[in-house]
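Notes to accompany the following structure.
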Amino acid sequence: MKLTRPHVGSVTLSLLVSAFILGACNTVFWNKTSLAFGEHRLALAAFSIGIAALLTALLVSLSVKYVTKPLFILAIVGAAAASWFMGQFGVIIDTDMIRNVAATTPAEAGHLITPAFVRHMLLYAVLPSLLVAIVHIRHRSFGAKVKANLAVIAPLLVLALVMALWQYPAIASTMRNNRIVIKTLNPISPLVSVIKFGIRSGKEKTIVAAPLDRNARPGPLLAQADKPVLTIIVAGETARAQNFSLGGYARKTNPELEKRDIAYFTQATSCGTATEVSIPCMFSVLGRADFTHEAGLARENLLDVLSHAGIDVTWWENNTGDKAVARRVRERNFAIENDPRYCVNTECKDQVMVDALGAWLDGLKGNATLVLHQMGSHGPTYYQRYDEAQRLFTPDCRTAEFADCTQAEIVNAYDNTIVATDHMLAQIIDMLAARSDRFASSLIYMSDHGESLGEKGLYLHGMPYMFAPSEQTRVPFIIWVSDSYSKIFGVTASCLEAGADAPTSQDNMFHTVLGLMDIKSSHYDPALDVTATCRTPELTATAGR
């Protein structure tokens, strides 16, 4: 017996797909819309009808022979995937998030492909896509189709316009004050973000970094130093300031650093809420107000200025890449090396860098800057970022499936990652202190961004900065200097601590590192160097000239 495929008109299918996407894949959008309009129920109804009319009109306009099914299936799959991540983690699929996805490694992506995600996609993407693929679409001739589609599209557009005009004041003010709402509309917002990212990526391929301060040179104290001067920069990952006991967190997440003579800056903020933004911005001269991804690529950065001044610059990578910051300096990638003692599927515990550091330090001959890019507290698999010795808080979430863990278990796992970072930094400080007779050293640690752990229903990071909670933008910032460094440059932890409660940000990184290394640069701004007021007066007076 021959099975007959169901027949459906293109307009009818458009209406059905629109209803499915709006009803099944936009829960977050409707929840935020309802909260935004509050008691303005008429405005809520008008807005909802208008949005439904516009999406349906769009799908009807796309129901062209030969492309209807591929486009509708793409819309369904995209909306289903976006709805999962929005619903589970509270993320927004904007251009920066698409950039993060494009840079994601297979190992990192694998942590997000959980059994629950697979079940969600089977139900909300695969099943409806199969139904679309199976049906036979009845298409009219071109002329008749244009007339039929316009007969549906025109009234829908008129309906949307009428709804907007009817409640315009309430809709306009609500949307103006709640811009995040429209960013959760699936699949429109993610699709727009993908298109924007594609356009920008095409332009970025032609960008060549312009030279930055090729006349940079050692300052007087660096030139006269009786031993090599070294700064180690630890670029942290996903560490939020709220969970550092150094800053007042009730739990002892910094048991080792509390015993070291460090300066902890309590009011530091990030440039972005994702690695793809924060790392390039942190090393850029531009600062958050002027930084864009394109602008960052269009000029050299802190590492280049140090190199121009004769400093030996090296980048050690244990994350998802240097984000184009280290293109022109020496680089070692531990994830690619994939040492089985530390790594699983190219994801390595940060101890791999610590254990390699001793030999590197013993071979140090001249002035140098070394950047260690951590894996840090990267989620959702927090439990893979620490050893048993750092597992101080239990029970801890031992899966990437947050729904299978309690809020307390998620926080316990995250806090253990902070303990692991604390141990790493303490080890590095001790290694530098033990070699104080050989070189004058300093360490600067700053995380790229923070992390949400369920506050306001948000998890992970990557929210658009203007909407991001403080958990994603407040970051830990630490400086340590050796005794031999203090003798040469005058900087001490106690002096730095005196100003540690002042507002700081990743804008300070460029200028503070130039100050720590005593580099004379035309771009150096002492007002953004947190060590400037603590340094030897002679150095402070001549820096940047």
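The values are calculated or read from the model by the stated rules, or taken from the named source; none is laboratory data. The structure displayed is predicted, hence computed values, not measured ones. Virtual Cβ from ideal backbone geometry, glycine too; neighbours counted across all protein chains shown.
Does Tyr524 satisfy the condition of being free of Cβ contacts under 8 Å to residues at least 24 places away in the same chain, assigned by TED's automatic domain parsing to the domain that holds Thr369 and either of a type in the set (S, T, N, Q) or within 25 Å of Val371 (Cα to Cα) (or both)? Against the criterion (free of Cβ contacts under 8 Å to residues at least 24 places away in the same chain, assigned by TED's automatic domain parsing to the domain that holds Thr369 and either of a type in the set (S, T, N, Q) or within 25 Å of Val371 (Cα to Cα) (or both)), Tyr524 qualifies.
Just give me the residues in region 367-397 being part of a loop (DSSP other than H, G, I, E, B) and in contact (Cβ under 8 Å) with a residue 40 or more places away in the chain, in sequence order. Even if it seems obvious, please write down each step before you answer.
First, the residues of region 367-397 that are part of a loop (DSSP other than H, G, I, E, B): 367, 374-381, 386-387, 391-397.
Of everything in region 367-397, those that are part of a loop (DSSP other than H, G, I, E, B) and in contact (Cβ under 8 Å) with a residue 40 or more places away in the chain turn out to be Asn367, Gln374, Met375, Gly376, Ser377, His378, Gly379, Pro380, Thr381, Leu392, Phe393.
Evaluating Ala172 against the criteria (1) free of Cβ contacts under 8 Å to residues at least 24 places away in the same chain; (2) in contact with a Phe, Trp or Tyr (Cβ under 6 Å, 6 or more places away or on another chain) leaves one unmet condition, (2). Checked against the criterion of being among the hydroxyl-bearing types (Ser, Thr, Tyr) and within 30 Å of Arg385 (Cβ to Cβ), region 77-95 contains one or more residues that satisfy it. With respect to (1) surrounded by 22 or more Cβ atoms within 10 Å (Cβ to Cβ); (2) out of contact with any strand residue (DSSP E or B) (no Cβ under 7 Å at 6 or more places or on another chain), the lone exception for Asp396 is condition (1). Evaluating Gln167 against the criteria (1) out of contact with any Lys or Arg (no Cβ under 9 Å at 6 or more places or on another chain); (2) of a type outside the set (A, V, I, L, M); (3) not assigned by TED's automatic domain parsing to the domain that holds Thr33 leaves one unmet condition, (3).
Consider region 137-158 and keep the residues that are surrounded by fewer than 16 Cβ atoms within 10 Å (Cβ to Cβ) and among the charged types (D, E, K, R). The one that is modelled with the lowest pLDDT is Arg140.
Quick one: which residue in Ala420, Ala400 is of a type in the set (A, V, I, L, M), under 23 Å from His449 (Cα atoms) and either part of a loop (DSSP other than H, G, I, E, B) or not assigned by TED's automatic domain parsing to the domain that holds Pro228 (or both)? Write out each step before concluding.
Values: Ala420 fails: either part of a loop (DSSP other than H, G, I, E, B) or not assigned by TED's automatic domain parsing to the domain that holds Pro228 (or both).
Sole residue among the options that is of a type in the set (A, V, I, L, M), under 23 Å from His449 (Cα atoms) and either part of a loop (DSSP other than H, G, I, E, B) or not assigned by TED's automatic domain parsing to the domain that holds Pro228 (or both): Ala400.
Among the residues of region 207-214, is any surrounded by 24 or more Cβ atoms within 10 Å (Cβ to Cβ) and either β-branched (Val, Ile, Thr) or assigned by TED's automatic domain parsing to the domain that holds Arg438 (or both)? Looking for residues that are surrounded by 24 or more Cβ atoms within 10 Å (Cβ to Cβ) and either β-branched (Val, Ile, Thr) or assigned by TED's automatic domain parsing to the domain that holds Arg438 (or both), one finds none in region 207-214, hence no.
State which residue is nearest to Cys271 (Cα to Cα) when the search covers only region 434-471 and only residues that are crowded, with 24+ Cβ neighbours inside 10 Å and acidic (Asp, Glu). Ranking the qualifying residues of region 434-471, first place goes to Asp448. Residues that are touching a Phe, Trp or Tyr at 6+ places or on another chain (Cβ under 8 Å), over 21 Å from Gly321 (Cβ atoms) and of a type in the set (Val, Ile, Thr) within region 194-252 comprise just one, Val229.
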